[in-house]
Amino acid sequence: MFVCDIDLSQADRAVIQRMLAERASIQSIADYLGYSRSAIYQEINRHTQTITFSEDFKYSKPYDALQA
């Protein structure tokens, strides 16, 4: 499996957060920033926290550019 490890700037992360809030697609974010869709997915997954309370209830804390 190929792992894409990129270094995004804080400005790139702020763009991701803003575009996610605007409900933009991952592909459109990737196109705008000039990265692959996979790289954007990995960045979002790396910095999104999911808390599982039970099998039926999970809470995902949204992507936060300041925490990334």
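The values are calculated or read from the model by the stated rules, or taken from the named source; none is laboratory data. For clarity, every value in this text was computed on a predicted model and none was experimentally measured. Cβ coordinates were reconstructed from backbone atoms using ideal geometry, including for glycine residues, and neighbour counts include every protein chain displayed. Calculation scope for accessible area: heavy atoms of the full protein, side chains included, ligands and nucleic acids excluded. Shrake-Rupley method; radii C 1.70, N 1.55, O 1.52, S 1.80 Å.
Please specify each residue of region 37-55 satisfying the condition of being open to solvent by less than 60 Å² (accessible area, probe 1.4 Å) and closer than 14 Å to D7 by Cβ.
Selection gives A39, I40, Q42, E43, H47.
Answer yes or no as to whether I6 is in contact with a strand residue (DSSP E or B) (Cβ under 6 Å, 6 or more places away or on another chain), open to solvent by less than 100 Å² (accessible area, probe 1.4 Å) and not charged (D, E, K, R).
Spelling it out, it is not the case that I6 is in contact with a strand residue (DSSP E or B) (Cβ under 6 Å, 6 or more places away or on another chain), open to solvent by less than 100 Å² (accessible area, probe 1.4 Å) and not charged (D, E, K, R).
Count, please, the residues in region 41-53 that happen to be over 21 Å from A30 (Cβ atoms) and modelled with pLDDT of 85 or more.
2
With respect to A30, is the statement that it is in a loop (DSSP other than H, G, I, E, B), surrounded by 10 or more Cβ atoms within 10 Å (Cβ to Cβ) and modelled with pLDDT of 95 or more true?
Criteria not met by A30.
With (1) assigned to a loop (DSSP other than H, G, I, E, B); (2) surrounded by 10 or more Cβ atoms within 10 Å (Cβ to Cβ); (3) modelled with pLDDT of 85 or more as the list, and L20 as the residue in question, which single condition is left unmet?
Result: L20 fails condition (1) only.
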